[in-house]
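One structure below.
The values are calculated or read from the model by the stated rules, or taken from the named source; none is laboratory data. Being a predicted model, the structure only gives us computed values, none of them experimental. Neighbour counts are summed over all protein chains in view; Cβ atoms, including those assigned to glycine, are modelled from backbone coordinates with ideal geometry. Accessible surface areas use protein heavy atoms only, side chains included; no ligands, DNA or RNA. Shrake-Rupley method; radii C 1.70, N 1.55, O 1.52, S 1.80 Å.
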Amino acid sequence: MTSSFEPDRRRVLLGAAGAALGAALPLSGARAQELATTAEAQPDAAESDRIAAEFLGGVAPLAEGLAMELPATADNPAAVPLRVHVTEALTEDLWCEELIILAELNPLPLACRYRFSAATGAADVALRLRLIRSMEVRALARLSDGRVLEARAAVEAGVGGCGM
Amino acid sequence: MSRPPRLWISSATPAKGEIIRVRVQIQHVMESGFRLDWNGAPLERNLLTRFEARLNETLLMEWEPGASISQNPYVEFAFAARESGTLRMLWLDDRGMRLEAEREIILSPA
């Protein structure tokens, strides 16, 4: 039997074993993880930094003015609650143009991008992230006067992280 | 995707300028495109690609989510109620799903 045939055969066997167990939880542990996903964590924050640099466009970010609420430990890495908001009052003359959230070590670090308008009058958002492992989460917000605010926080993901 | 979004707003009759908070959640698989089926074939990516919220025609917020967003995406945002009108929300995904929700906002007299 050729080696290229091997994985298929293994999967068939595992599938059969799963069926025998009632197919509710055919696999457990690392083996299931390996079969279930091709997602890999970033080795470092380089890709995240590249996206951040693109967003900054040469402007130095300010460490104040953007608040981030993130639990220190995430018991469910598939849904980690995160809130980010600009703390100063926003008016019709000063607003947040764009806000990005980076999950530094996720396969695709750019989690999402928000855009607001002068009509919004606030920059306060919350969402749920899924994290592949423990990492730092970073947010950058560009205001209409050109300032860029930055906030970051570390989160410890529970068992093994989310397989994406 | 047949279920309507779950929607909560802090006030439907705010004072002028009051900050209104909106929380809304839809059912969506948020298939990342990284997962494999039992035959080892990748499952086709199906992520939410866009969410937007408008008050009448004015854009309040637009959101471009990615693979790092949880299933059944939860969106919370705030805006200043400067006029009465219809708060309209729209979701789009990779497979062409289109979901809408709206809520009337009426400024209460000062």
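I'm checking my understanding of the structure. Among residues of the range B:46-88 that are under 13 Å from A:Leu129 (Cα atoms) and polar (S, T, N, Q), which one is most open to solvent (accessible area, probe 1.4 Å)?
My answer is B:Gln71.
Any idea how many residues of the range A:91-120 are more than 9 Å from the chain's Cα centre (by Cα), buried (at least 23 other Cβ atoms within 10 Å of the Cβ) and within 8 Å of chain B (Cβ to nearest Cβ)?
3
Hey, does the range B:53-70 have a residue that's under 18 Å from A:Arg83 (Cβ atoms), touching a residue at least 40 places away in the same chain (Cβ under 8 Å) and at the interface with another protein chain (Cβ under 7 Å from one of its Cβ atoms)?
There is at least one residue in the range B:53-70 that is under 18 Å from A:Arg83 (Cβ atoms), touching a residue at least 40 places away in the same chain (Cβ under 8 Å) and at the interface with another protein chain (Cβ under 7 Å from one of its Cβ atoms).
Which strands (runs of 3 or more DSSP E) does the range B:53-110 wholly contain that include 2 or more residues that are farther than 23 Å from A:Ile100 by Cα and at pLDDT 95 or above?
Passing ranges, in order: B:85-93, B:98-105.
Which residues, counting only those in the range B:74-99, are within 7 Å of chain A (Cβ to nearest Cβ) and within 13 Å of the chain's Cα centre (by Cα)?
B:Tyr74, B:Val75, B:Glu76, B:Phe77, B:Ala78
Taking the range B:12-45 as the search range and keeping residues that are open to solvent by less than 20 Å² (accessible area, probe 1.4 Å) and assigned to a loop (DSSP other than H, G, I, E, B), which one is nearest to the other protein chains (Cβ to nearest Cβ)?
Ranking the qualifying residues of the range B:12-45, first place goes to B:Ser32.
Testing A:Ala141 on (1) hydrophobic (A, V, I, L, M, F, W, C); (2) assigned by TED's automatic domain parsing to the domain that holds A:Gly58; (3) not in a strand (DSSP E or B), one condition comes back false. Which one is that?
(3)
Looking only at the range A:36-79, which residues are of a type in the set (Ser, Thr, Tyr) and either touching a Cys at 6+ places or on another chain (Cβ under 9 Å) or open to solvent by 70 Å² or more (accessible area, probe 1.4 Å) (or both)?
A:Thr38, A:Thr73
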